[in-house]
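Just so it is clear, none of the values below were taken in a lab; they were calculated from the coordinates. Computed from a predicted model, the values in this text were never measured in an experiment. Cβ: placed from backbone, ideal geometry, glycine included. Neighbour counts: every protein chain shown.
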């Protein structure tokens, strides 16, 4: 029996348009898109916004966690949010693999957290092949505005990522990094 798209993605393997269960994957991304569109455009109370956000991620979000719209993601259920998290305007989480955000994390506007990866070979990219590598943001991290976090990255406890940085390597705990690629300036 062929593996499901979810089993392949969980193992970090590629799926593509030829996979027998690709319709399930596409339906899930469409459902997430519709929920995020509602979250981003419909006027609603804080309680209603939290309910829609909980629908997107698939569990009850902490009352002190706040995502300010617009917010975009692929699947939703691969996003694990800790307590007391602030995700500012215009953030995008491409959650082909897990994105884990710890407690007391601040994520600045325009930040992109990307787990999705595509093949190097053009013939494989033509089949829209994708796989993911998880991203982990530990407790008490501050990610400033306009940051891009690439697949497979861990940002350690208490760290700061300066505005406009591109995080291409893990960030050790209690370290400030800046630039493209992000480099330590303070420990």
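Among 54, 165, 45, the residue with the largest mean-square fluctuation in a Gaussian network model of the chain, with springs joining Cα atoms closer than 10 Å, is 45.
Kindly rank 93-100, 61-68 from highest to lowest mean number of other beta carbons found within 10 Å of each residue.
Numbers: 93-100: 21.2, 61-68: 16.8.
By packing density, highest mean first, the sequence is 93-100, 61-68.
Estimated from the Cβ-Cβ distance and a Förster radius of 41 angstrom, the FRET efficiency linking residue 62 and residue 21 is about 0.80. Full extension of the chain between residue 168 and residue 125 yields a length gain of 13.3 nm, computed as 0.36 nm times the residue separation minus the alpha carbon distance. Sorted from greatest to least, the principal axis extents spanned by the alpha carbons of the stretch 1-68 come out as 45, 21, 17 Å.
Rank by packing, highest mean first: peptides 173-185, 119-131, with packing defined as the count of other Cβ atoms within 10 Å averaged across residues. Could the numbers behind the result be given before it?
Details: 173-185: 15.8, 119-131: 13.0.
Per-residue Cβ counts within 10 Å, averaged per peptide and sorted highest first, yield 173-185, 119-131.
Which order, highest average first, do 76-88, 29-41 follow once you tally other Cβ atoms within 10 Å for each residue and take the mean per peptide?
Values: 76-88: 19.5, 29-41: 15.2.
Averaged packing, sorted descending, gives the order 76-88, 29-41.
Here the stretch 122-187 yields Rg over Rh of 1.10, to two decimals, using C-alpha coordinates and the Kirkwood radius.
Between residue 118 and residue 10, what FRET efficiency comes out of the Förster formula 1/(1 + (r/R0)^6) with R0 = 25 Å and r the beta carbon distance, rounded to 0.05?
Computed FRET efficiency for residue 10 and residue 118: 0.90.
Computed with the Debye formula from one identical point scatterer per Cα of the chain, without solvent, the log10 of I(q)/I(0) at q = 0.09, 0.17 Å⁻¹ comes to -0.33, -1.09.
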